Amino acid sequence: MKIDRSKMGTDTLDGFGGDRIVRAAPAKPESYIPFQAEVVDIDVESSNTYLLSLRPMNEEDEHVAINYFPGQFLMVSVFGLGECPISIASSPTRDPLQICVREAGKITQGIMAARIGDVLGIRGPFGNGFPVGSMRGENVLIAGGGSGFATLRSLINYIADDREKFKEVTVVYGARTPQDLYFTTEYGSWQAAEIEVGITVDMIDATWKGNVGLVTSLLADLDPAPGASALCGPPMMIRVVAKDLLGRGFLEEDIHISLERHMKCGVGKCEHCTMGRYHVCTDGPIFSYDVVGDLI
């Protein structure tokens, strides 16, 4: 039997239109089976982070399009080493499918050792996505810290490609050093799409002329209007930014947080990513602050 993996793991993209949180479809038997994805391009984002472009393939080595939402993730495997969760960094409005991989252990080292033409295994997409449907017609604030910004790139490019559907859009992003900043060549295109972009770092060198300090210092400068928000980064950053946004009039249910936890299965069975009564892999990874604010 041939498996149509282009329809694996999520509801139809029509789901963008309404739900506050886009829920993943229940796991199907084929969700447990990795399929092949050829590495077609590699960009170096930092000394320990690569952006890989993938070409998912069916049993006949034909390209297969995958439906996914901004904010979802894949289980990516290196044959003989194992698999790990990696956020999708590309937008469903664009090709190719891309993942941003930071070196964190033997599996990510194996993924980053791949060269163009090599084949990885992927399962998914898994989890829910940012509620783009309810963000339309609203001001949007996107705040990222460190490697968490990779998840937000998918949402930023999705909004840029449908820009007229959103009001004011502001992106704030912080990293440890200028060398740790991701996607630096894309800031100009976001600004050209009338997205306000603020960048900050904690530690500077002689080449840095920009802002120094926490992400919240950018919020003080840019003063985003209340609306919807999307956050991803270290827990401390999320807590501080969420508190700042609440003070600016953002509602708890409109602050959407992408949580990172150690996931092993992606389908809510292994319990590795349990947080309170939630499985981050299936109930998340996108949660609203009113749901998980007391858990982070």
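Before we move on, is Gly249 part of a loop (DSSP other than H, G, I, E, B), at pLDDT below 95 and among the small types (Gly, Ala, Ser)? Before you say what the answer is, go through the steps one by one.
Numbers: part of a loop (DSSP other than H, G, I, E, B): yes; at pLDDT below 95: no; among the small types (Gly, Ala, Ser): yes.
So Gly249 fails the test.
Please go through segment 38-56 and give me each residue that is farther than 20 Å from Gly266 by Cβ, out of contact with any Cys (no Cβ under 7 Å at 6 or more places or on another chain) and either part of a strand (DSSP E or B) or free of Cβ contacts under 8 Å to residues at least 12 places away in the same chain (or both), ordered by number. Step through it out loud before you land on a result.
We begin by selecting, within segment 38-56, every residue farther than 20 Å from Gly266 by Cβ; these are 38-51, 53, 55.
Of the ones still in play, those that are also out of contact with any Cys (no Cβ under 7 Å at 6 or more places or on another chain) are 38-44, 46-48, 50, 53, 55.
Passing the criteria: Glu38, Val39, Val40, Asp41, Ile42, Asp43, Val44, Ser46, Tyr50, Ser53, Arg55.
Out of (1) within 22 Å of Leu51 (Cα to Cα); (2) exposed (fewer than 15 other Cβ atoms within 10 Å of the Cβ); (3) not β-branched (Val, Ile, Thr), the odd one out for Glu194 is which?
Condition not satisfied by Glu194: (1).
The values are calculated or read from the model by the stated rules, or taken from the named source; none is laboratory data. In this text the structure is predicted, and so the values were computed from the model without any measurement. FYI the Cβ positions are ideal-geometry reconstructions off the backbone, even for glycines, and counts take in every protein chain you see.
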